[in-house]
Amino acid sequence: MSDALDALLQRADALLSRLEAVLPQPLTAPDWSAAVAFRYRKRGASARLEPVRHLSAIRLADLKEVEAQKERLLRNTRQFVAGQPANNVLLTGARGTGKSSLIKACLNEFAGQGLRLIEVDKTDLVDLPELADLVADRPERFVIFCDDLSFDEGEAGYKALKSMLDGSVAAATDNLLIYATSNRRHLLPEQMKDNLAYTHAERDGLVEVHPGEAVEEKISLSERFGLWISFYSFSQQEYLAIVAQWLSHFGLTAAQIEAARQPSLVWALERGSRSGRVAYQFARDLAGRGGVDESFPSPASGTAASSGAGPGAGAGAGAGGGPGGSASSVAVAEPEGPQGLDHV
């Protein structure tokens, strides 16, 4: 009888353990001293904050050609860390221009002063109130980081973020801000058919009675961010400056950096973009090959080719006559790079 009862209790305990795994669990605080950045991860009904063990080491000095944007975000973050009023921030604009990198660099700049970062995927934004309650009594200053944020119509996270920014009955804690990046300023897709409502055109048998309100709904989320920081595509000179900075970061010499000018423009042309991300990818590729790009001849090899293989070749080229001279001219013709790359 005792053995049967023990077996029944063991099975009951195993069943309860399985039930606990699928039942909703309250969010518990992590070891805040384990890291300065955390990821919010949800597995089924359970959620937890995971420390980021290997944080991006990018510094503010690594980011070039975004000085105005850098200053605005620095000023806002400095106010926040100092306990002064600060705004939620939306960083929008061209892809690969340093929006996310700037937030990471700010974390590295102010982590020693108590700044902490929690990365949240847009699908988990419905849990923002729980996160706010978890950090409300902490002495640190927290930034909720939402990268590459955009919504399709009807997504649940849209309403949750909107209420969290401004509109919830609960007052926002003064140790929590939201920093989001997006390629869309208004975070929702805007379509030409939205304009049909202003002409009262019938769509699928329906006419919008108050067409302005439909548009207002689409732009209302982005307006709840107190600070907008816009990023723009780089000019060729700005792109080359960023390439030079990253090549220097990887230890290439001034001569190697100068020789990399044309290959870096070809790289950007092939990628269809002159962004900071493309510049960084080119620098990594070139540094990994020892700073030598075999696609383009070095100045030394070009000079050697021009001078010819021997006295006969030089004489023939100079004289410009006879079969020997003509053959030498063809043989020593210096290869030309792609044309018009200075205007990519």
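Bear in mind that the values in this text are calculations on the coordinates, not laboratory data. Just so it is clear, the model here is predicted, and its values are computed rather than measured. Note that each Cβ is placed from the backbone with ideal geometry, even for glycine, and that neighbours are counted across all protein chains shown.
Normalising the average separation of contacting C-alpha pairs (under 8 angstrom, six or more residues apart) by the number of residues puts the relative contact order of the stretch 1-119 at 26 percent. Taking a Cβ cut-off of under 14 Å around E71, the surrounding Lys, Arg, Asp and Glu residues balance to a net charge of +2, with basic ones at +1 and acidic ones at -1. Peptides 252-265, 49-62, 30-43 ranked from most to least packed give 252-265, 30-43, 49-62, packing being the mean of other C-beta atoms within 10 angstrom over each peptide's residues.
Rounded, prolate or oblate: pick one for the stretch 33-121, where a ≥ b ≥ c are the square roots of the eigenvalues of its C-alpha gyration tensor, a/c under 1.5 means rounded, and failing that, prolate if a/b is larger than b/c, else oblate. Note, shape of the stretch 33-121 comes out prolate. The trypsin sites (Lys or Arg not before Pro) of the stretch 82-125 that DSSP puts in a loop, and whose beta carbon has at most 15 other beta carbons within 10 Å, are R95. What separates the Cα centres of the stretch 82-133 and the stretch 223-254 is a distance of 20 Å. Among the listed pairs K99/K159; K42/K104; K104/K159; K99/K122; K42/K99; K70/K162, a Cα-Cα separation exceeding 20 Å is found for K99/K159; K42/K104; K104/K159; K42/K99; K70/K162.
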